[in-house]
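Here, each number is a calculation from the coordinates, and none is a lab measurement. What you see is a predicted model, and the numbers here were worked out from it, not measured in a lab. Using ideal geometry, Cβ is built from the backbone for each residue, glycine included, and neighbour counts are taken over all protein chains shown.
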Amino acid sequence: MTEPNSSAHQADPANRARLRWRSRRGLLENDIILTRFLDAHETELTDEEVDAFTRLLDLSDNALMDLVLARKEPEGEVDLPHVHALLQRLRRA
């Protein structure tokens, strides 16, 4: 068994708090979806999933809502396999 990376999301309470804080959005719908997802899955997220989540949080509220509601699919810098996988989980949440 390997030791957790000290900079890894799960090993650093500050990183976890920062992700939760960034999940608070201007659009209430985004706020609810992201907060519920973190409530249910935060402790099991891998660092790759945290990276995908962070990339999604870098988007505007409207762009994020379009992706979560499957009105659009990821493009450009967020068109990555691990972002698509996390979006599928968010859409089911």
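What to note about this one:
- Degrees separating the helix 47-57 axis from the principal Cα axis of the chain, which is the longest one: 30
- The longest stretch of the chain left intact once loop-based trypsin sites (Lys or Arg not before Pro) with at most 12 other Cβ atoms within 10 Å are removed from consideration, loops following DSSP, is 25-70.
- Only Lys, Arg (+1) and Asp, Glu (-1) charged, at Cβ; the chain dipole about Cα centre in debye: 400
- Formal net charge of residues neighbouring His41 (Cβ-Cβ distance under 11 Å; K, R +1; D, E -1): -1
- Contact order, relative form, for the chain: 27 percent (alpha carbon pairs under 8 Å, 6 or more residues apart, mean separation divided by residue count).
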